[in-house]
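Following: one structure in C-alpha cells, then a few remarks.
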Amino acid sequence: MLKSKYRKVTTTTLNEELRKKKIIAIWLLIGVFMIVFQIVTGGVTRLTGSGLSMTEWDPIMGAIPPLNDADWQKAFEGYKDIAQFKYINNDFTISDFKFIFFWEWFHRLWARTIGVVFVIPFIYFLVKKYITKEMITPLIILFGLGIAQAFIGWYMVQSGLGDSELVRVSHIRLAVHLLTALGLLAYTLWFALQLLIPQENIVRDSKTRNFFLITLVLLTIQLAYGAFMSGLLAALIAPSWPTMNGYWIPPGMTEMSWLNSQLNVQFIHRLVAYLLFFLVIYGSYKAWKLAKASNAKILKKASLWPMFFVVTQVLLGIFTVISVPHIKRGSFSTYETLAQTHQVVGMLLLISVIVILYLVRGNKSTN
C-alpha cells in the first residue's frame, strides 16, 4: 500500500516536472519564431534601404514614432545630414522618408517586443519555480546574447551615420549583426530541444555528427557572404546564371579584394552554394540511413528537411540573381521578394542542420 502511494506521488511529481519543462520549451520556441521574424524585418529594412532612416538611438523613448508634423520634420532633417540622403535619396519627400522610417522603427520595436516576451515570462517562471538551477546559466547567457545583439545593431547603424561617407551600413558589420542574431536563434533552439526531446531519441554516430559540424561551418561562411552580398549590392554586378556575365571565372578577380569586391563576393557566394548543395544532400542521406538503422523516428523525419531546404535555397538564389534587371527603385517587387525568401529559407536550412546536430551525437567514448 505504501509502495503504491509512493509510486503515485513520484509519477505525479515527474509528470508535473515534464509539464513545466514543456511550457518553458514552448516559451523558448516562441522566442525562436520571434527572432526569425526579427531577422526577416531586418532583411526587409535592408532591401528597402531603410536602415539609416532613424539617426538617433533611444532605447526607451525610441519606441514612440514621431507624432506630429514638427517631429517628422525634425527626424527628416536628421536624415538629410547623412551621406545616404546627400548622394542617393536627395529627391526624397517627407512621404518617402516616412516609408523607410517605418521599417527601421518596426524592426527596432519588434526587438523591444522580444525583450518583453523573454523578461516578463522569465520573472513569472522564476517566481512559480518553473525554472530549475540547471536552467539559470543558459538563460543568463541567452539574455546576454540578446543585449549584445542590440548593441551590435546600433554599432552597425553608426557606420553609415555622422561624418561617414558610406551611403549604406558597413557590409562587415551587417554580417556580424546577422551572424550574432543567428547565433542567438541557434542557442535558443538548442535550449528548447534539450527540454523537449528525451535522451532516448539521441543517436550516436561520430562520423555523421562531424560531417554535419563541417556543414555547419560552411553554412555559417555562406550566411556571412550572403550578408556581404546584401551589404555590397553584389547581385547587381553579375545578374546572370550559370555564368557570371558570360564567364565561368570572371577576369581580374585576383586584382580585387576578396572581402570588398562585389564580383569576388558573388563568385565566392556561388561557389560555396554549390559545395553546400552536395554536402547537404549527401549528409541528409547519411542521416536518413543512420535513422533507419537505429529506428530513430524523429531523426528520420528531420533528415529530409535539409535536403528540401538546400534545393529550394539554390533555386531561389539563381532566380534572385537573374531578377536583378527588374529592380524598380522605390518599390518592393520581384527581386526584393525573392531575395527575402532566399534569406528565410537560409535560416530554415540552418535550423534543420541544428536539429540534426542535436539528434546525432558523437560516440560516448569520444565525447
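Any read-out appearing in this document is the output of simple, stated calculations on the displayed coordinates, not a laboratory observation. As the structure is a prediction and not an experimental result, all values here were calculated from the model. Don't worry about glycine lacking a Cβ; one is built from the backbone with ideal geometry, like all the others, and counts go over all protein chains shown.
With the cut-off at 22 Å, report for the stretch 1-196 the share of all Cα pairs above it, as a whole percent.
On the way: 10615 of 19110 pairs.
More than 22 Å apart: 56 percent of the Cα pairs in the stretch 1-196.
Set the Förster radius R0 to 56 Å, insert the Cβ-Cβ distance between N245 and K297 as r into 1/(1 + (r/R0)^6), and round the FRET efficiency to 0.05. If you can, show how the numbers build up before the last one.
Details: r = 48 Å, r/R0 = 0.86.
It comes out at approximately 0.70.
Over the stretch 171-220, what per residue volume does the convex hull of the Cα atoms give, in whole Å³? Working shown, then result.
Details: hull volume 3.4 nm³, N = 50.
Spread over its residues, the Cα hull of the stretch 171-220 gives 68 Å³ apiece.
Report Rg (one decimal) and Dmax (nearest whole number) for the stretch 129-239, counting Cα atoms only, units Å.
Every Cα atom of the stretch 129-239 included, Rg and Dmax give 18.5, 58 Å.
Where in the stretch 81-100 does the label zone of L233 land, with the point 7 angstrom along Cα→C-beta and an amide N cut-off under 15 Å?
83-92
How much length is gained on full extension from I327 to S257, taking 0.36 nm per residue of separation minus their Cα-Cα distance?
Details: separation 70, 0.36 × 70 = 25.20 nm, distance 2.65 nm.
Full extension from I327 to S257 adds 22.6 nm.
Grab the Cα-Cα distance for V116 and V311, subtract it from 0.36 nm times how many residues apart they are, and report the gain in nm with one decimal. Kindly include the intermediate steps, with their values, before the conclusion.
Working: separation 195, 0.36 × 195 = 70.20 nm, distance 3.65 nm.
Going from the current span to full extension adds 66.5 nm.
Report the residue, chosen from I39, I356, I249, that carries the largest GNM mean-square fluctuation when the chain is represented by alpha-carbon nodes joined by springs under 10 Å.
I249
Which residue fluctuates the most in the chain, going by a Gaussian network model with Cα springs under 10 Å, if the choices are L213, L47, L182?
Checking each option, the largest mean-square fluctuation is seen for L213.
Provide, for the stretch 282-367, the number of lysine pairs with alpha carbons under 17 Å apart, each pair being eight or more places apart or on different chains.
Working: K286/K297; K286/K300; K286/K301; K289/K297; K289/K300; K289/K301; K292/K300; K292/K301.
Summing the qualifying lysine pairs gives 8.
Taking the highest mean first, how do the peptides 115-126, 96-107 order by number of other beta carbon atoms within 10 angstrom per residue?
Ranked from most to least packed, the peptides come out as 96-107, 115-126.
For the stretch 200-367, go through all pairs of different Cα atoms, get the mean of 1/r, take its inverse, and jot down that Kirkwood value in Å. Intermediate values should be presented prior to the final figure.
Values: mean 1/r = 0.0583 Å⁻¹.
Every distinct Cα pair counted, the radius reaches 17.2 Å.
If you take semi-axes √(5λ) of the Cα gyration tensor in Å from the coordinates, which of (i) 41, 30, 15; (ii) 36, 23, 18; (iii) 27, 23, 21 do you get?
So the structure-derived entry is (i).
Could you give the length gained by full extension between D91 and L126, i.e. 0.36 nm per residue of separation minus their alpha carbon distance, to one decimal place?
On the way: separation 35, 0.36 × 35 = 12.60 nm, distance 5.30 nm.
Working it through step by step, the gained length comes to 7.3 nm.
Pick out which of V310, V324, V353 has the largest mean-square fluctuation in a Gaussian network model of the chain, springs linking Cα atoms closer than 10 Å.
Judging by the Gaussian network model, the answer is V324.
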